[in-house]
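Enquirer: One structure follows; several queries about it will come next.
Please treat every number below as a calculation from the coordinates, not as lab data. Quantities reported herein were computed from a predicted structural model and do not represent experimental measurements. Backbone-built Cβ (ideal geometry, glycine too); neighbour counts: all protein chains shown.
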Amino acid sequence: MIRFEQASKRFGSTLALNNITIALPEGKIIGLFGPNGAGKSTFLKAAAGLVRLSSGEVTVNDKPPRQMRAHLAYLPEQNTLPPTWTIKRAAEFYRAFFADWDEERYHNQMDFLNLREDMKLAQISRGQLAKAQLLLTLARRARYILLDEPFSGIDIMAREEITKALIRDYSEGQQTIVISTHEIDEIENLVEYVVFIDSGQVAVFGDADELRRQEHKSIVAIMKEAFGHANH
Amino acid sequence: MPITKGNMFKQLLKKEWDMVKAETYFVLAAALTVNLAVAVFNIEQVAPLYAFVLMAPFLVPLYSAVQLFRREWSEGSIYLLLSLPINGGPIFLTKLLAILLEFIVQVAGSFGITFLFVYLFQVADKVDPRWALNFVFSERGYLIIQATVISWLILLGGMALLASALFLSQSLGRLVSKYRGLVTFISFLALLWLAGKTTIVSTANYVFNFADFSSFSPPKWPVASTSFFILMETLITAAYITATAYIYNTKLEL
């Protein structure tokens, strides 16, 4: 379980996370929503052990995230792979580090996402690059998958492929997926839990179905109401 | 592929080599081009570029050392590194090894190509190969080879030290959000000063305390003291790499 205990992170005068206490349910798909600058990326980076909290604590399975890196798959918004690499070379690199790498899943997802091993990362489109990074993330049977804005700058067709690829190999109960995105409608039907973040604090957290029932609205509508200035 | 530390190390080294090989090929291609132009096509105007061919192997790896670190941020691959289930030790050790490998290949390539062209086109018909062979196996030839090997090791140690100082100073620069370039530059100068002072002072002490000056005859290379010098270079390099890995493990964040 990913747990934040009174977690705060300050960057200069900006308080990116403000005393957050939350325990994300295990084995579920969780949507992490909020306006720009709300603290979503910092939240995910803290869960992945990529930022150090100013105060408080974040644990993954009761351990500091850095000790759980073998079980965490983190996909940031930007490209993380050397542009001179091909997809094959990147896969070779991942294989050497992660015991949860699944060769069959890698090849199946590659076919599904219409990618080829010989594609050079510097020469493919932004959408293909996003899919290539997603492929490498999903080819692992990681216990925790953290996706930061996987749809950012991606056309509608590629978004659909990415969403389908996410569901395709998801092992319910065994994997926890946290997706941070502005494109709530893309994953409205995918997420089981939702976390709304604003100004570094958790504004809403709960079971997606229960929230819909209580509010008699879609998640998108709840989000709009919670944040008048949101994108949708 | 089994998950072993050896495989991880190999992949990291391969990644770093991927990042420096373009510079290496560029230096080798330049050496070949200049030598072909001068020796084969007799384009004398190109001759001053020999200075570049022979200096580049000492300067380009330092540029690569800066780039190896900087590109992790500019290309986003720092996210990849920080997500790996390893600490900073092997990451910076493989960066250092890639720089040393680049240095060795560039020196061997540039000097080797130049030597070969000079020998084939200017010396071969003037020197009797038997004389050259006899010289190599003479006492004087042995001393020259010994001096060359030790000089080479000093240069290799110096390159390792400079590269590790570049890594450490850039890591220190990453700890601040303002005046990053200035902090990096000043810490690099400070690390060089510290390394120079430590190496030279300790070697001087070593020579003063242990060397038998009476045995020094001018043509003989002072092997013991230069070996100690190389040892000091290696120890300081190890200390700088350890410090860089410590900062990576405990301070760096995105």
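Enquirer: Would you look at the GNM of chain B, springs on alpha carbons closer than 10 Å, and say which of B:E72, B:E16, B:E102 moves the most?
Expert: It is B:E72.
Enquirer: For segment B:1-127, just the Cα set please: Rg and Dmax, both in angstrom.
Expert: When restricted to the Cα atoms of segment B:1-127, Rg and Dmax are 18.7, 61 Å.
Enquirer: Could I get the Rg over Rh figure for segment B:50-118? Both from C-alpha atoms, Rh via Kirkwood, rounded to two places.
Expert: Using Cα coordinates only, the ratio equals 1.13.
Enquirer: Could you state the number of Å between the C-alpha centres of segment A:174-224 and segment A:105-140?
Expert: Segment A:105-140 and segment A:174-224 have Cα centres spaced 28 Å from each other.
Enquirer: Can you give the calculated 222 nm mean residue ellipticity of chain A, where each DSSP H run of n ≥ 4 adds -39,500 (n - 2.57) and the sum is split over every residue, rounded to the nearest 500 deg cm²/dmol?
Expert: The per-residue figure over chain A is -9500 deg cm²/dmol.
Enquirer: Order of B:E75, A:E117 from fewest to most other C-beta atoms within 10 Å?
Expert: Neighbour counts put them in this order, fewest first: A:E117, B:E75.
Enquirer: Using just the C-alpha positions of chain A as equal point scatterers, what log10 of I(q)/I(0) does the Debye formula give at each q in 0.09 1/Å?
Expert: For chain A, the Cα-only Debye profile gives -0.36.
Enquirer: Summarise the partner chain shielding of B:77-89 as one whole number: the mean count of Cβ atoms from other chains within 10 Å of each residue's Cβ.
Expert: Mean number of neighbouring Cβ atoms from other chains: 6.
Enquirer: Using only alpha carbons, build the gyration tensor for segment B:58-171 and give me the equivalent ellipsoid semi-axes, biggest first, whole Å.
Expert: Equivalent-ellipsoid dimensions as semi-axes: 40, 16, 10 Å.
Enquirer: Quick one: dipole size for segment B:131-249, taken about the Cα centre, charges +1 on Lys/Arg Cβ and -1 on Asp/Glu Cβ, in debye to the nearest 20.
Expert: Using Cβ point charges on Lys, Arg, Asp and Glu, segment B:131-249 gives about 460 debye.
Enquirer: Per residue of B:33-39, what is the mean number of Cβ atoms on other protein chains within 10 angstrom of that residue's Cβ?
Expert: 0
Enquirer: Could you sort B:119-130, A:63-74 so that the peptide with the highest average Cβ count within 10 Å comes first and the rest follow in order?
Expert: Peptide ranking by packing, descending: A:63-74, B:119-130.
Enquirer: Another one. Give the residue from B:G89, B:F111, B:F69 lying farthest towards the positive end of the charge dipole for segment B:1-127; charges sit on Cβ (+1 for Lys and Arg, -1 for Asp and Glu) and the dipole is referred to the Cα centre.
Expert: In segment B:1-127, that residue is B:G89.
Enquirer: By what distance, in whole Å, do the Cα atoms of the protein assembly as shown stretch along each of the three principal axes, largest value first?
Expert: Largest first, the protein assembly as shown extends 97, 53, 42 Å along its Cα principal axes.
Enquirer: Something else: What percent antiparallel are the DSSP beta bridges of chain A, to the nearest 5?
Expert: Roughly 55 percent of the DSSP beta bridges within chain A come out antiparallel.
Enquirer: Give me the Debye-computed log₁₀ of I(q)/I(0) at q = 0.19 Å⁻¹ for segment B:131-249, equal point scatterers on Cα only, no solvent, two decimals.
Expert: Summing over Cα pairs of segment B:131-249 leads to -0.98.
Enquirer: Only Lys, Arg, Asp and Glu count, each charged at its Cβ (+1, +1, -1, -1), so figure out the dipole size of chain A about its Cα centre, rounded to 20 debye.
Expert: My answer is approximately 800 debye.
Enquirer: Now a separate question. With each pseudo-label sitting 7 Å past Cα toward Cβ, what's the B:K197-B:N42 distance in nm, one decimal?
Expert: 5.8 nm
Enquirer: Cα centroids of segment B:69-117 and segment A:36-68: how far apart, whole angstrom?
Expert: Here the two parts' Cα centres lie 30 Å apart.
Enquirer: Now, a different point. Between their Cα atoms, which of A:K40/A:K120; A:K88/B:K15; B:K15/B:K178 are more than 22 Å away from each other?
Expert: From A:K40/A:K120; A:K88/B:K15; B:K15/B:K178, over 22 Å: A:K40/A:K120; B:K15/B:K178.
Enquirer: Over segment B:1-127, what is the relative contact order in whole percent, taking alpha-carbon pairs under 8 Å and six or more residues apart?
Expert: Taking the mean separation of contacting Cα pairs over the length of segment B:1-127, I get 43 percent.
Enquirer: Using the Cα centre as the reference, give the magnitude of the dipole from point charges on the C-beta atoms of segment B:1-127 (Lys, Arg: +1; Asp, Glu: -1; all else neutral), rounded to the nearest 20 debye.
Expert: Value, rounded to 20: 400 debye.
Enquirer: Right, here's the next one. Of B:F26, B:F41, B:F115, which is the most mobile in a GNM of chain B whose springs link Cα atoms less than 10 angstrom apart?
Expert: Of B:F26, B:F41, B:F115, the most mobile in the Gaussian network model is B:F41.
Enquirer: Right, something else. Could you check what % of the DSSP bridge pairs in the protein assembly as shown are antiparallel, to the nearest 5?
Expert: Bridges in the protein assembly as shown that DSSP calls antiparallel: roughly 55 percent.
Enquirer: Which residue, chosen from A:F43, A:L121, A:S54, occupies the Cα position most advanced towards the positive end of the dipole of segment A:40-178, where the dipole is computed from +1 (Lys, Arg) and -1 (Asp, Glu) charges on Cβ about the Cα centre?
Expert: The residue sitting most towards the positive pole is A:S54.
Enquirer: Still on this structure, please answer the following. What helices does chain B have that are whole DSSP H segments, at least 27 Å long along their own axis by Cα, and with mean Kyte-Doolittle hydropathy of -0.5 or more?
Expert: B:5-35, B:50-74, B:88-118, B:139-173, B:180-210, B:223-250
Enquirer: Next up: Taking every alpha carbon pair in chain B, what does the distance histogram look like in 5 angstrom bins from 0, in percent?
Expert: Reading the bins upward from 0: 1, 6, 10, 13, 14, 14, 13, 11, 9, 6, 3, 1, 0.
Enquirer: Let me ask you something else. Cut-off is 10 Å between beta-carbons; in what order do A:H107, A:H182 appear when sorted fewest neighbours first?
Expert: Ranked by crowding around the Cβ, least crowded first: A:H107, A:H182.
Enquirer: What does the charge add up to near A:R10, with Lys and Arg as +1, Asp and Glu as -1, over the other residues with Cβ less than 13 Å from its Cβ?
Expert: Its environment carries a net charge of +1.
Enquirer: In addition: For each of A:V58, B:V176, B:V46, count neighbouring Cβ atoms within 10 Å of the residue's Cβ, then give the residues from fewest to most.
Expert: B:V176, B:V46, A:V58
Enquirer: State, as an integer percentage, the relative contact order of segment A:125-232 based on alpha-carbon contacts under 8 Å between residues 6 or more apart.
Expert: 21 percent
Enquirer: OK, next. Count the net charge of all other residues whose Cβ sits under 11 Å from the Cβ of A:K40, scoring Lys and Arg as +1 and Asp and Glu as -1.
Expert: Spelling it out: positives minus negatives among the neighbours equals -3.
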